[in-house]
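Asker: Before I ask anything, here is the structure I am working with.
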Amino acid sequence: MKLAWGAATHVGMVRQQNEDAFVAEGNVFAVADGMGGHNAGEVASALAVEGLRRAAAAGFSAAEGLVTAINTTNATIHEASGGLSEQRGMGTTLTALVPLPATDGEPQRVVVANVGDSRIYLWRDNELKQVSADHSYVQELLSEGLITAAEARIHPRRNIVTRALGIEGDVNADSWVLPMVVGDRYVLCSDGLVDEVDDEEIATILRASTNPQVAADHLVQVANDHGGRDNTTVVVVDILTDTADVTSRDTAPDTTATSTTLPESSAASPGDAATHVAASARPRRVLVAVALVAVLALGALSAVGWYARDGYFVGFAGQGDQAQLVVFKGRANQILWFRPTIEIDSGVVRQEIFPSLADDIDNQPKYDSLARAEAYVNSIRDVIAAQKPAAGDGT
Ligand code: MN
């Protein structure tokens with residue numbers, strides 16, 4: 001069997017930086033969606049696809065090889081984030097597809113794997129099916145039956161992922177082994193696509209485009225037509241017979257990679273490699289399970305406006321373990337003539353806060369009111385108190 005493929009990525013219509021990355025090279029296909037302040041998201045997603053590219057160069061003999069490569073890549077990103085203060089808490093989603101070598105008497109297979117909320121779809125017999133399961137807060141609500149699929153699509157916290165590469169020393173990737181079926185088409189994409197384009201419209205575009213590059217370009221374009229509020233990346237992989245005419249990877253210089261293998265020295269992210277001032281409309285945030293459970297258990301998260309536009313933000317004043325957790329008035333990372341002022345000093349210092357939550361605070365969550373910012377700080381104080389049975393309960 002042969003593969004044909006196409007890939008496209010675009011910064012979108014709102015953001016100034018493309019933190020997505022992809023690889024599409026015949027022996028490995030992947031999409032990564034980075035997160036973290038400064039350039040950390042871009043670094044994380046680039047490291048992720050580069051890790052898979054290197055692993056693929058050595059070859060995958062079995063499905064476990066892909067999972068091992070993801071674990072190794074996770075460790076690389078995690079180490080990199082520890083070394084640089086600006087890249088603390090950086091992480092990335094990763095969704096990948098690798099064709100396995102043919103073995104005697106067995107149908108040829110592909111292995112797909114996922115961490116986070118980028119997705120792999122299978123388009124077969126005119127039907128679109130999501131192969132991967134999102135590791136997201138909204139998916140958990142959906143699985144619990146607390147919200148509908150329609151509500152999930154527009155949920156204000158749909159960008160909270162519950163698993164990502166780089167956040168912890170270990171990562172648990174989902175993986176599936178599937179038979180290679182002639183006529184199948186796989187679509188790997190970042191959430192920028194699915195947030196803007198529903199399954200029905202994705203299906204319509206896939207049906208209309210026999211060429212995978214045309215399909216990838218078209219999907220990205222429609223995401224931008226619908227607002228392009230996030231970076232969008234799409235990789236389309238078609239499974240053909242040996243005799244089929246392989247056509248793909250032609251034009252569209254702005255949004256696509258070249259058809260040949262990228263040289264070793266080139267940037268791992270074929271997207272927007274330049275650095276700009278980051279000003280995300282909807283910053284991504286990783287909330288690892290422990291933080292999610294702890295804060296949810298206190299019922300505090302619902303009272304907190306994580307994505308309020310402006311007004312107040314929570315962050316650390318000072319550096320190191322003794323940095324103070326405070327509420328600032330003003331805007332983070334902005335406007336030279338207006339310095340944020342400290343409104344509330346929580347009395348909590350960084351070393352009291354478990355690392356994944358501290359990393360989250362490094363992203364300086366914003367609130368539209370002081371009360372909401374204070375509620376968040378209070379919930380953190382409660383979490384700390386709950387962890388310290390001998391202290392912190394003196395009310
Ligand atoms: Mn995204």
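Each value in this text was obtained by applying a stated rule to the coordinates, not by laboratory testing. Note that this is a predicted model, so its numbers are computed, not measured. Positions of Cβ are backbone-derived with ideal geometry, glycine not excepted, and every protein chain shown enters the neighbour counts.
Asker: Glu144 to Arg124: extension gain in nm, 0.36 nm per residue of separation minus the Cα-Cα distance? Show your work: numbers first, answer last.
Answerer: Details: separation 20, 0.36 × 20 = 7.20 nm, distance 2.84 nm.
Using 0.36 nm per residue and subtracting the Cα-Cα distance, I get 4.4 nm.
Asker: Placing unit charges on C-beta atoms (Lys and Arg positive, Asp and Glu negative, everything else neutral), compute the dipole magnitude of the range 10-166 about its Cα centre in debye, rounded to 20. Don't jump to the answer; show the numbers that get you there.
Answerer: Details: 12 positive and 18 negative charges, 39 e Å.
The dipole magnitude comes to about 180 debye.
Asker: Using the Karplus curve 6.51 cos²θ - 1.76 cosθ + 1.60 with θ = phi - 60°, work out ³J(HN,Hα) for each residue of the range 43-51 in order, rounded to whole Hz, and write x for Gly and Pro.
Answerer: 3J(HN,Hα) across the range 43-51, in whole Hz: 5, 4, 5, 5, 4, 5, 6, 5, x.
Asker: Quick one: 3J(HN,Hα) in Hz for the range 157-173, Karplus 6.51/-1.76/1.60 with θ = phi - 60°, rounded, Gly and Pro as x.
Answerer: Rounded to whole hertz, the list is 10, 6, 8, 7, 9, 9, 9, 7, 6, x, 7, 10, x, 10, 9, 10, 8.
Asker: Once a ≥ b ≥ c are taken as the square roots of the eigenvalues of the Cα gyration tensor of the range 85-181, is the result rounded (a/c under 1.5), prolate (a/b larger than b/c) or oblate (a/b not larger than b/c)? Could you put the intermediate results ahead of the total?
Answerer: Numbers: a/c = 2.88, a/b = 1.36, b/c = 2.12.
Judged from the Cα gyration tensor, the range 85-181 comes out oblate (a/c at least 1.5, b/c at or above a/b).
Asker: Which order do the peptides 313-324, 26-37 come out in when sorted by mean C-beta neighbours inside 10 angstrom, highest first? Intermediate results must be reported in sequence, preceding the final value.
Answerer: Values: 313-324: 15.4, 26-37: 27.0.
Sorting 313-324, 26-37 by mean packing, highest first, produces 26-37, 313-324.
Asker: Considering amide H positions built from the backbone, and no H for Pro or chain starts, which residues 5 or more places from Ile344, or on another chain, come under 5 Å of its amide H?
Answerer: For Ile344, the qualifying residues are Val327.
Asker: In debye, nearest 20, what is the charge dipole magnitude of the range 1-93 about its Cα centre with +1 on Lys and Arg Cβ and -1 on Asp and Glu Cβ, if you could check?
Answerer: Details: 5 positive and 9 negative charges, 33 e Å.
My answer is approximately 160 debye.
Asker: Okay, next question. Hey, can you rank 145-154, 161-170 by average C-beta count inside 10 Å, highest first? All intermediate terms of the calculation are to be shown ahead of the outcome.
Answerer: Values: 145-154: 11.7, 161-170: 23.5.
In descending order of packing, they fall as 161-170, 145-154.
Asker: Can you give me the long-range amide H partners of Gly330? Hydrogens built in the peptide plane at 1.01 Å from N, cutoff under 5 Å, separation of 5 or more residues or another chain.
Answerer: Residues meeting the amide H criterion: Gly311, Tyr312, Phe313.
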